[in-house]
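The values are calculated or read from the model by the stated rules, or taken from the named source; none is laboratory data. All of these numbers come straight from a predicted model, not from anything done at the bench. With ideal geometry, Cβ positions are generated from the backbone for all residues, glycine too; neighbour counts draw on all protein chains shown. The area values use the complete protein model at the heavy-atom level, side chains included, leaving out ligands, DNA and RNA. Shrake-Rupley method; radii C 1.70, N 1.55, O 1.52, S 1.80 Å.
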Amino acid sequence: MNTYWRKYRGRITLSARGRQYKRDVQAVVGPQPPRLAGPLAVTLSVWLPDRRRRDLDNLIKPVLDACTAAGVWLDDSQVAALSIARLGVRKPGATILQVSEMR
């Protein structure tokens with residue numbers, strides 16, 4: 001999250017690393033995303049790249065925004081239930097996202 005946004009000419013904008021992260025998520029999702037339309041439950045399983053202290057809540061927004069851009073769902077406002085777990089250290093870091101439609 002600390003490298004996701006940059007201040008440029010008085011405006012906050014997505015950094016080069018943030019844009020690359022969105023492209024990486026799009027590559028994982030593939031060319032025909034599911035575009036889920038209803039309320040969703042999302043679970044994030046996170047392995048950090050090192051033992052530095054981090055706030056888990058800072059990891060959520062980039063993941064959800066990248067999934068919106070990749071077409072996993074129409075808008076991240078559809079997320080009605082959200083869970084996140086820090087599972088340890090794994091280089092270079094990893095995130096597994098599980099999404100299910102709520103009925």
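Here are the numbers for the structure shown:
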item	result
Criterion: closer than 21 Å to residue 4 by Cβ and either without any contact (Cβ under 8 Å) to a residue 12 or more places away in the chain or loosely packed, with under 14 Cβ neighbours inside 10 Å (or both) - qualifying residue of 23, 103, 35	23
In region 50-75, the residues that are acidic (Asp, Glu) and under 10 Å from the mean Cα position of the chain (by Cα)	65
Residue 29 being modelled with pLDDT under 95, under 11 Å from the mean Cα position of the chain (by Cα) and among the β-branched types (Val, Ile, Thr)	no
Evaluation of residue 50 against (1) farther than 23 Å from residue 102 by Cβ; (2) part of a loop (DSSP other than H, G, I, E, B); (3) open to solvent by less than 30 Å² (accessible area, probe 1.4 Å) (one fails), failing number	(3)
Per-region count, region 1-20, residues part of a strand (DSSP E or B) and loosely packed, with under 10 Cβ neighbours inside 10 Å	3
Residue in region 62-71 that is closer than 18 Å to residue 25 by Cα, without any contact (Cβ under 8 Å) to a residue 12 or more places away in the chain and not small (Gly, Ala, Ser) present	yes
Selected residue [hydrophobic (A, V, I, L, M, F, W, C), over 18 Å from residue 27 (Cα atoms) and surrounded by 11 or more Cβ atoms within 10 Å (Cβ to Cβ)] from 74, 82, 97	82
Residues of region 38-47 satisfying the condition of being open to solvent by 40 Å² or more (accessible area, probe 1.4 Å) and within 21 Å of residue 26 (Cα to Cα)	43, 47
Top-ranked residue in region 13-26 [being closer than 23 Å to residue 56 by Cβ and of a type in the set (Gly, Ala, Ser); ranked as farthest from the chain's Cα centre (by Cα)]	15
